[in-house]
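Sharing a structure below in structure tokens format, with a few things to ask.
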Amino acid sequence: MRQKKKNEFLTEVELEFMSHLWDLGEASVRDVLGALDKDRNLAYTSAATIMRILEQKEFVTSVKRGKTFYYKALMPKDTYQTKSLRRLSDELFDKSPATLVARLVDDNNLSEEVLEEIRALLDGKLKDDRA
């Protein structure tokens, strides 16, 4: 029997749950459910299943206190962001981060304020690399 490959990336629903877990730090299923959009009508059992899947995929760990499981992210949010952007750059932008940034800048009607913020980030990075 073939061993199931560990999925390194999150589905849309898993990412929604992880985003709340990153914000909360440590949380029960009920805590995460409470953080979801109020229009999101999700059953407790469905949410618990998603948390178990995240644990199986090794994105979270859990500890049982009394009858309740508490979950905590194993990977920091910034690490997942970096990994996801690298994958996006590699697979969709032919391993060209500059093309990814160009698409972002060209297609998003960014305000002058946001463009100045991006410029300041780039200038700061260039200055740090020279030091």
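I'd like to verify a number: residues in segment 5-16 that are assigned to a helix (DSSP H, G or I) and either under 19 Å from LYS67 (Cβ atoms) or acidic (Asp, Glu) (or both), how many? Even if it seems obvious, please write down each step before you answer.
In the first step, residues of segment 5-16 are kept if they are assigned to a helix (DSSP H, G or I); the result is 12-16.
Now narrow it down to the ones that are either under 19 Å from LYS67 (Cβ atoms) or acidic (Asp, Glu) (or both): 12, 14, 16.
Selection size over segment 5-16: 3.
Every residue, every condition in (1) within 23 Å of GLN81 (Cα to Cα); (2) not small (Gly, Ala, Ser), yes or no:
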{"residue": "GLY25", "(1), (2)": "yes, no"}
{"residue": "SER28", "(1), (2)": "no, no"}
{"residue": "ALA35", "(1), (2)": "yes, no"}
{"residue": "ALA48", "(1), (2)": "no, no"}
{"residue": "ARG52", "(1), (2)": "yes, yes"}
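Rundown of residues vs (1) among the polar types (S, T, N, Q); (2) without any contact (Cβ under 8 Å) to a residue 60 or more places away in the chain; (3) closer than 15 Å to GLU16 by Cα; (4) in the same structural domain as PHE17 (by TED's automatic domain parsing), yes/no style:
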{"position": "LYS38", "(1), (2), (3), (4)": "no, yes, yes, yes"}
{"position": "LYS64", "(1), (2), (3), (4)": "no, yes, no, yes"}
{"position": "PHE69", "(1), (2), (3), (4)": "no, yes, no, yes"}
{"position": "SER96", "(1), (2), (3), (4)": "yes, yes, no, no"}
{"position": "VAL105", "(1), (2), (3), (4)": "no, yes, no, no"}
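Working only within segment 9-41, note down all residues that are of a type in the set (S, T, N, Q) and farther than 13 Å from ILE53 by Cβ. Break it down stepwise before answering.
From segment 9-41, those of a type in the set (S, T, N, Q) are 11, 19, 28, 41; that's our starting set.
Within segment 9-41, SER19, SER28, ASN41 qualify.
If a residue must be under 21 Å from LYS64 (Cα atoms) and open to solvent by less than 40 Å² (accessible area, probe 1.4 Å), how many such residues does segment 36-48 contain?
2
If only one of ASP78, ASP128 is free of Cβ contacts under 8 Å to residues at least 60 places away in the same chain, open to solvent by 90 Å² or more (accessible area, probe 1.4 Å) and over 18 Å from the mean Cα position of the chain (by Cα), which one is it? Walk me through it before giving the result.
Values: ASP78 fails: over 18 Å from the mean Cα position of the chain (by Cα).
Among ASP78, ASP128, only ASP128 is free of Cβ contacts under 8 Å to residues at least 60 places away in the same chain, open to solvent by 90 Å² or more (accessible area, probe 1.4 Å) and over 18 Å from the mean Cα position of the chain (by Cα).
A further question on this structure: Checking ARG86 against (1) open to solvent by 60 Å² or more (accessible area, probe 1.4 Å); (2) not assigned by TED's automatic domain parsing to the domain that holds LEU122, which test does it fail?
(2)
The values are calculated or read from the model by the stated rules, or taken from the named source; none is laboratory data. Given the structure is predicted, the values throughout are model-derived calculations rather than measurements. Cβ: placed from backbone, ideal geometry, glycine included. Neighbour counts: every protein chain shown. Ligands, DNA and RNA are excluded from the accessible area calculation, which covers all protein heavy atoms including side chains. Shrake-Rupley method; radii C 1.70, N 1.55, O 1.52, S 1.80 Å.
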